[in-house]
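The values are calculated or read from the model by the stated rules, or taken from the named source; none is laboratory data. A quick note: this is a predicted structure, and the numbers were derived from the prediction, not measured. Quick reminder, even Gly has a Cβ in these numbers, built from the backbone with ideal geometry, and neighbours come from all protein chains shown. These area figures cover heavy atoms from the full protein model, side chains too; ligands, DNA and RNA do not enter into them. Shrake-Rupley method; radii C 1.70, N 1.55, O 1.52, S 1.80 Å.
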Amino acid sequence: MFKSKITGLGYYVPENVVTNDDLSKLMDTSDAWIQERTGVKERRHIKKGDGNSTCIMAVKAARIALERAELTPDDIDMIVFATLSPDMFFPGGGVEVQEIMGMRTIPALDVRNQCSGFVYAISVADQFIKTGMHKNILVIGSENHSGGLDFTSRGRGVSVIFGDGAGAAVLSRNETGKGGILSTHLHSEGKHKKKLSLLGPSTGYWVPQIIKENPQVDIPYYPYMDGQFVFKHAIVRFSEVIQEGLEANDLSVDDIDMLIPHQANLRISQFIQKKFNLPDEKIYNNIQKFGNTTAASIPIALTEAWESGKIKEGDLVVLAAFGSGFTWGSVIIRW
Ligand code: COA
């Protein structure tokens, strides 16, 4: 059995900064409300004509990760691409990345686990490396939320939270014997699937049906979120799955050097920090400037934390996510 290791990280966000005051011009909200309830100060949105899409941002992040791993696209054996906002309904984004980056006819797998997408994707890639089937896997999380949100007052409970961006990691067979991914832990509970969901367009809510129904009343083509319900479940599941990962490796909360939680909401991160009694330097948050970028949030935060020297060789790094599905998971890494 082999072990895997993160050998390169990169992220990309669009240049266009959208502040809370900008959103206040579109809907009945305020900078004070958004900051107090979510921690978000600003986020990035793709701007018409800037050339970005979910897959283009993914490629921009991936190129940085590859360069840092000192690999070329030819070295990559597989793509695992997590997104809830692909450029096309089908095929998924993985094949677009394969095409744009001029890669060999390698497998391209799309992962649809929303805010837990990157953790799921890392876990999938880790299994392929462990068995010896592949040596270098490109794992990406990328989202274009701004293209599909309701920016009227009707959508304010959802739209103020989310932002666009992409993050990528190269997972490689660990030839050094030092560090690497210790374990991954994944869960789901489908009975809450509608509490954070986008019903259509889909085969259940197909375009003619949406047009037939009154779109002002029934709006299945914008995301729906029961914020308080999501919040209550998130804080429980985040805590459980971090503990589960630590216990599986005979570790405790005191061993954590850096916790990178999915950037769902600053209040959720603060709750976990308090529960585990973690000092500020052992948890990384950047939701203040990027919002919740779903599958991209962990790789963006991980890249930033690594770039700023907050993660060093030998550190115990914990990734944890919770999101729509509900799905949740953790990754325990010795850096
Ligand atoms: N600006 C101003 N007011 C807003 C608002 C906005 N952007 N969004 C909602 N409100 C209003 C509501 O309409 C409601 O008004 P009412 O009391 O007159 O009915 C009031 O604020 C309180 O709404 P509520 O939904 O109860 O607020 P909250 O304190 O639960 O905060 C969230 C809402 C979404 C910020 C919060 O529930 C949350 O963060 N949940 C978790 C979401 C999350 O993490 N999602 C991602 C999971 S991966």
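So what's the net charge close to residue 177: Lys and Arg +1, Asp and Glu -1, counting the other residues with Cβ under 14 Å from its Cβ?
Charge balance in the 14 Å sphere: +3.
From the P(r) of the chain, can you give the percent of Cα pairs sitting at distances over 28 Å?
The calculated P(r) of the chain puts 37 percent of pairs beyond 28 Å.
Out of all Cα-Cα pairs in region 4-178, roughly what percent, to the nearest whole number, are more than 23 Å apart?
43
Order 5, 310, 25 by their accessible area, 1.4 angstrom probe, all chains in place, largest first.
The ordering from most to least exposed comes out as 25, 310, 5.
Which order do 328, 206, 306, 335 take by accessible area at a 1.4 Å probe, largest first?
From most accessible down to least: 206, 306, 335, 328.
Between residue 250 and residue 105, what is the spin-label point distance in nm, taking each point 7 Å from the Cα along the Cα→C-beta axis?
4.8
Rounded to the nearest 10 Å², what accessible area does residue 83 have for a 1.4 Å probe in the complete protein model?
The accessible area of residue 83 comes to roughly 10 Å².
For residue 247, what accessible area in Å² do you get when you roll a 1.4 Å probe over the heavy atoms of the protein chains, rounding to the nearest 10?
Accessible surface of residue 247 is approximately 120 Å².
Within the set of other residues whose C-beta is less than 11 Å from the C-beta of residue 128, count the net charge using Lys and Arg as +1 and Asp and Glu as -1.
Its environment carries a net charge of +1.
Residue 212 to residue 127: extension gain in nm, 0.36 nm per residue of separation minus the Cα-Cα distance?
26.1 nm
What number of lysine-lysine pairs in region 4-178 show an alpha-carbon separation below 26 angstrom, given a sequence spacing of 8 or more or placement on distinct chains?
Lysine pair count for region 4-178: 13.
Quick check on region 181-334: what are the equivalent-ellipsoid semi-axes from the Cα gyration tensor, as sqrt(5λ), descending, whole Å?
The answer is 34, 16, 13 Å, longest axis first.
Taking the convex hull of the alpha carbon atoms in region 25-80, what volume per residue do you get, in Å³?
Taking only Cα atoms, region 25-80 has a hull volume of 143 Å³ per residue.
Over what distance in Å are the Cα centres of region 93-110 and region 5-34 separated?
Here the two parts' Cα centres lie 28 Å apart.
Going by accessible area, probe 1.4 Å, with all protein chains left in place, what is the ranking of 44, 63, largest first?
63, 44
So, counting K/R as plus one and D/E as minus one, what does the shell of residues with Cβ under 15 Å around residue 20 add up to?
So the environment of residue 20 carries a net charge of +1.
How much length is gained on full extension from residue 228 to residue 240, taking 0.36 nm per residue of separation minus their Cα-Cα distance?
2.4 nm
Which value, in Å² rounded to 10, gives the accessible area of residue 278 with a 1.4 Å probe and all protein chains present?
So the heavy atoms of residue 278 present about 10 Å² to solvent.
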